Each structure stands twice: as C-alpha cells, then as structure tokens.
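What follows is a set of notes on a single structure, which appears directly below.
The values are calculated or read from the model by the stated rules, or taken from the named source; none is laboratory data. Note that this is a predicted model, so its numbers are computed, not measured. In this analysis, Cβ positions are derived from the backbone assuming ideal geometry, glycine residues included, and neighbour counts consider all displayed protein chains. Protein only, heavy atoms only, side chains kept; ligands, DNA and RNA dropped before computing areas. Shrake-Rupley method; radii C 1.70, N 1.55, O 1.52, S 1.80 Å.
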Amino acid sequence: MRSEGVRSILVTGSSGLIGSEVCTYFAEQGFAVHGIDNNQRAEFFGPLGDTRWNQQRLQATLPRFRHHECDIRDRPGILELVRTLRPTAIVHTAAQPSHDRAAAIPFEDFDTNAVGTLNLLEAARRYCAESPFVHMSTNKVYGDRPNTIPLTELPTRWDYADPEFAEGIPETLSIDASTHSLFGASKVAADVMVQEYGRYFGMPTCALRGGCLTGPNHSGVQLHGFLSYLTRCNLEGKEYTVFGYKGKQVRDNIHASDVARFIHAFISAPRPGEVYNLGGGKGNSCSILEAMELVSRYTGKPQRWTYSEVARVGDHICYYSDLRRMKRHFPAWGITRTVDHMIPEMVDAWLRRLEAEPLGR
C-alpha cells in the first residue's frame, strides 16, 4: 500500500521521448517516479532506436527515479507491479509507434499497443482506480480520413481549403471508414478502451491523440520521429527520403515539455473518458520541405534528400491539431516551445550524442 501523502507516478515507456520528459518533469515536481521500459524500441528499430542511454541518464540525474525492467505485455508482471506501487497517477507512453513496422510484426504491434494498454487499465482499475490514467494515443486513430478534406497547394506546403478546419482537426472527426494501417488500428483499440474504462467504470482517464511529438531526447529513426531523424541525417550528411506528396505534407510539432505540462494539468483536474488532440496547432506546423530548410539554416549544411512517389499507407497529407478543446478545459495551458526553439535544441543534442558515439555505429 502506498504511504499517505506520498505522490508517485508510474510512467511506461520511460526511456522514450515523452516518457523520459514526463519522468524528469514530475521528479522536479516532487513526485516519486517509477519508470517501466525494456528497450523494446531497439527490438523494433535496431541499434539506432536504442534508448538505454536515456534510461542511464534518468538513473544518473533523477534521485527520485526508479527503473523497472518490465514488458507491458507481461500481464501478471504488470498486475503485480501496480498492486505493489498503487501510484497516484499513471502515464502510459509505451508503444510500437511505426506504421511500417506494424505491417511486418502485426502480433507484436497489437499485443504491445492494444493488449499492453488493457493490462495497465485493468491493473489500475483493480488497485488504484481513483488515480488519473493518461494514455498517449495518436492522431493516426483518424486513419486517412483527414486526407478527404479539400486542400490548397501552396509553394512549400498543403493546407486545408475548407474553412471548417481553419483551426485544424477537432476531436469530433470520424475514425470510421478509413485506412489506418495496422499500427493505427491497434492504437484505435487502445484509445477506445481508455475511453471506455473512463465512461463505464468512472475512472479518470484520457487519451491524448498526439501528432509529431519531439524534443532533444528523441531517438528518431526513418520509420518514426521525422524531425529528429531529419536533423541527424543532416548532421551526418546522410540522404533523407521523402515519401510522396511532393514533400509538402504538413505536421504540427509539439515539444515534449509542453506535453508533460498538459499531462500535469489533466492529473491536477482529471475528467473521465476524455479525448484531446495534442499537437502544436497551426502556428507550430511545418512541411517536410520547410523542416529541411529550417534544419539547414541552423546547421549550415545542405540537406541531402531523395524522393519516392510512393506515400506511406495511412499517412496524412496535412494534419495539425485543433487545440481549442484543450484550451477550453485547461485555459492555463498553452504552447511555450516553437519549432524555431526545437530545431536548434535538437541540433545541439544530436551533436553531443554523435560526439559520444562513433558515426558508424
């Protein structure tokens, strides 16, 4: 049983981008932080996806942090850990995050994203049902539905031609009758289950449908984490591949620290079964062409790139989040880090990491 007055938080995927940022943020807020991670990203993406360096950083810098080497697919292990810890909040960021990998490993993808989420939800219901449960979902739950919205082609990006979407994609957009990719489908299952545990059991849950979540601690790879991976390619002089849509596809980018701040806002005033589109909004959006220009501006190096006419299945041509629901429910929260802040931060972080590791790794 947890001690009265001790605030603790359980973070899955604690060595990843959002998980590690959440761990750091809540440790600074005085929480005892328990992180679950088993470096599955390295299994999914190979050595470039390895996050052990981030785990070691957390263990070295956060006295309030404790690492738990656990797989969220291990139902008995998760039930026992949550029973023992009974945390005052749970933040679930662990996932298999790639469209392309999901098609190659469908069982692992579904077991991680859908079944792993169910394991955590049921553990929370049994042992700490009053504790807020925040799930990092994805905007891919909408499948390719956003691609049916009429678009305008501008010199360096696509944008919405329909004034109904002038502020971006709202939470009311249908998720039905669209192609999601197997990854998107497994995340839909998790997203709906998080809502259902909130609505059916009255638990304080929310699903955050994230767009491009980024920051200096991202281990970006070709199949996931485009801004981080693009930055690394530029610094190493490697060729970056653009998949379809003329490189004008648009993403809104949100810094991991702004994600952690919103999670804190929800935990402080939770609601049952909520859904929020979590991104940088229109003001923090960029196309791949624009991102390449921004990265080159800060590194002073031209970006080498090649173009493939074949777009990724379920990929969005244009996507930025309508943040009005989030701001209506939590008016004190807002975006504090712009793309112009993020890119130099990522450049500096990659330079430090590449100096510490041989480039031929």
- Message: How big is the dipole moment of segment 209-361 about its Cα centre under a simple scheme where the beta carbon of each Lys and Arg is +1, that of each Asp and Glu is -1, and everything else is neutral? Debye, nearest 20, please.
- Response: 360 debye
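Kindly report the accessible area of segment 95-235 per residue (heavy atoms of protein chains, probe 1.4 Å, no ligands, DNA or RNA), in Å². List each step's numbers first, then the result.
Values: 5120 Å² over 141 residues.
For segment 95-235, the per-residue accessible area is 36 Å².
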- Task: Would you kindly state how much longer the chain becomes between Glu355 and Glu239 on full extension, computed as 0.36 nm times their sequence separation minus their alpha carbon distance, in nm to one decimal?
- Result: 39.8 nm
- Note on the structure: So for R0 = 35 Å, FRET eff. of Ala60-Arg304 from the Cβ-Cβ r, to 0.05, ends up at 0.50
- Item | Taking only Cα atoms of segment 126-185, radius of gyration then Dmax in Å | 16.0, 54
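Equivalent ellipsoid semi-axes for segment 64-194, as square roots of 5 times the alpha carbon gyration tensor eigenvalues: give them largest first, rounded to whole Å.
Result for segment 64-194: semi-axes of 34, 17, 13 Å.
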- Message: Output wanted: per-residue J couplings in Hz (rounded whole) for segment 42-59, from phi through Karplus 6.51 cos²θ - 1.76 cosθ + 1.60, θ = phi - 60°, x for Gly and Pro.
- Response: 5, 5, 6, 10, x, x, 5, x, 4, 10, 4, 4, 6, 4, 5, 5, 5, 5
- Task: At 1.4 Å probe size, with no ligands or nucleic acids counted, give the accessible surface of Arg66 in Å², nearest ten.
- Result: 140 Å²
- Simple SL model, points at 7 angstrom along Cα→Cβ for Ile175 and Trp53; separation in nm is 3.4 nm
- Hey, what D do you get for segment 1-131 in µm²/s if you plug the Kirkwood alpha-carbon radius into Stokes-Einstein at 20 °C and 1.002 mPa s? 144 µm²/s
- How many angstrom separate the Cα center of segment 229-279 from the Cα center of segment 106-159? 13 Å
- Query: Over its Cα atoms, what ratio of radius of gyration to 2.2 N^0.38 Å does segment 219-295 give?
  - Reply: 1.35
- Ordering Trp305, Trp158 by the accessible surface of their heavy atoms, 1.4 Å probe, largest first, yields Trp305, Trp158
- Query: Taking Cα pairs under 8 Å and at least six residues apart, what relative contact order does segment 6-51 come out at, in percent?
  - Reply: 38 percent
- Message: Which residue, Phe133, Ser174, Ile72, has the largest displacement toward the positive end of the dipole of the chain when charges sit on each Cβ (Lys, Arg +1; Asp, Glu -1)?
- Response: Phe133
- Label points 7 Å out from Cα along the Cβ direction at Glu122 and Glu293: separation in nm? 5.2 nm
- Query: Probe 1.4 Å, all protein chains in place: accessible area of Cys212 in Å², nearest 10?
  - Reply: 30 Å²
- Share of pairwise Cα separations in the chain, more than 41 Å, in percent: 7 percent
- Item | Distance (nanometres) between label positions extended 7 Å along Cα→Cβ at Val192 and Glu43 | 2.6 nm
- Item | Hits among aspartates and glutamates - C-alpha to C-alpha of Lys327 under 14 Å, sequence gap 8 or more where chains match | Glu167, Glu171, Asp258, Glu274
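Give me the percent of accessible area attributable to carbon and sulfur for segment 206-330, probe 1.4 angstrom.
Carbon plus sulfur share of accessible area: 51 percent.
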- Message: Given the whole protein assembly as supplied and a 1.4 Å probe, what does the accessible area of Thr338 come to in Å², nearest 10?
- Response: 50 Å²
- Antiparallel bridges, percent of DSSP beta bridges restricted to the chain (to nearest 5): 15 percent
- Query: Within the set Lys140/Lys246; Lys238/Lys282; Lys140/Lys248; Lys187/Lys238; Lys246/Lys301, which residue pairs have Cα atoms separated by over 27 Å?
  - Reply: Lys238/Lys282; Lys187/Lys238
- Give me the percent of Cα-Cα pairs in segment 179-236 that sit more than 14 Å apart, rounded to a whole number. 67 percent
